[in-house]
Amino acid sequence: MNDFQLTYKQFGERSVLIDWSSKVDKKILEDIILFKERLEKSSIKELIEVNLAYSSMLISYKTTIDNIYDEISKLKTIYSTQNKIKKLVFRQWKIPVCYEDVFALDLEEISIKKKMSKQDIIRQHSEAIYTVFFIGFLPGFLYLGGLNSAIDFPRKQTPRLQIERGAVAIGGNQTGVYPCQSPGGWNIIGNSPINFFDISNDCPCFSKSGDKIKFYPITLKKHKDISALVKAGVYQLESEVLYG
């Protein structure tokens, strides 16, 4: 059982912000997810949305909060009565990545400055199992924890104006995949051909907070083959069920 000291404060007229310890931690993430599940099953009819970050939760309501003290008291009661030993169910997703030079725009720079071979960087990036802490910045952008500290690399001082969809990148001690074309300042080391956000699906983003991500290297030809299957709407991601 984890006993975290939470802080609660009003955030605008219709939201409450709850903070855990200011650090990236899997135990904190599990506690946040449990609290989120408990809230969604609660009798708070005014609840409209619960958004997660690394160590915080933003609870939004349909209407203005009349009495913030009563509302915080209600939230504290829900948190104190949640089942701390409940087993959480997640999935581990296998994500194909092509690390070849045509996609890996910044891999050589990282290799030179880290004094590591490109293959060593690719190996360390693809061997790790990452945790999805939250989804944000862009729809379907997964914030992943678990990057090997040997290959962390600072964000670019001048962001690119356009990064291609599927770009796999490193930004500081994090890694992630750009789900669509956008500006960005992370260092690009490869590309994944899969679709990270599809609004036509009931659940547009296949993953959720707490899930695991395992990247695996593919060739340029395999990248083209998978891209064709994704475009045709017949590609199926590999995954397995995990219990927290």
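The values are calculated or read from the model by the stated rules, or taken from the named source; none is laboratory data. A quick note: this is a predicted structure, and the numbers were derived from the prediction, not measured. All Cβ positions, even for glycine, are placed from backbone atoms using ideal geometry, and neighbour counts span all protein chains on display.
Values as computed for the structure displayed
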item: Options GLY140, GLY136: the member that is among the small types (Gly, Ala, Ser), closer than 17 Å to LYS214 by Cα and assigned by TED's automatic domain parsing to the domain that holds VAL168; result: GLY140
item: GLU71 being at pLDDT 90 or above, within 28 Å of GLN174 (Cα to Cα), assigned by TED's automatic domain parsing to the domain that holds PHE11 and assigned to a helix (DSSP H, G or I); result: no
item: Unmet criterion (only one of (1) crowded, with 21+ Cβ neighbours inside 10 Å; (2) part of a strand (DSSP E or B); (3) hydrophobic (A, V, I, L, M, F, W, C)) for ILE122; result: (2)
item: Checking LEU161 against (1) of a type in the set (A, V, I, L, M); (2) within 26 Å of ASP25 (Cβ to Cβ); (3) over 20 Å from the mean Cα position of the chain (by Cα); (4) assigned to a strand (DSSP E or B), the condition it does not meet; result: (2)
item: Residue list for segment 16-59, restricted to those being in a strand (DSSP E or B) and either within 25 Å of THR131 (Cβ to Cβ) or of a type in the set (Phe, Trp, Tyr) (or both); result: LEU17, ILE18, ASP19, GLU49, VAL50, ASN51, LEU52, SER56, MET57, LEU58, ILE59
item: Residue identified as surrounded by 21 or more Cβ atoms within 10 Å (Cβ to Cβ), under 15 Å from the mean Cα position of the chain (by Cα) and in the same structural domain as LYS231 (by TED's automatic domain parsing) among GLY190, GLY210, GLY145; result: GLY210
item: Enumeration of residues in segment 1-15 that are surrounded by 14 or more Cβ atoms within 10 Å (Cβ to Cβ) and part of a loop (DSSP other than H, G, I, E, B); result: PHE4, LEU6, PHE11, ARG14
item: Qualifying residue in segment 100-107 (condition: touching a helix residue (DSSP H, G or I) at 6+ places or on another chain (Cβ under 6 Å), aliphatic (A, V, I, L, M) and touching a residue at least 12 places away in the same chain (Cβ under 8 Å)); result: yes
item: Filtered residues of segment 146-158 (kept if of a type outside the set (Asp, Glu) and either farther than 24 Å from ILE112 by Cα or part of a loop (DSSP other than H, G, I, E, B) (or both)); result: GLY146, LEU147, ASN148, PRO154, ARG155, LYS156, GLN157, THR158
item: Looking only at segment 74-89, and only at residues there that are part of a loop (DSSP other than H, G, I, E, B) and of a type in the set (Val, Ile, Thr), the one that is modelled with the highest pLDDT; result: THR81
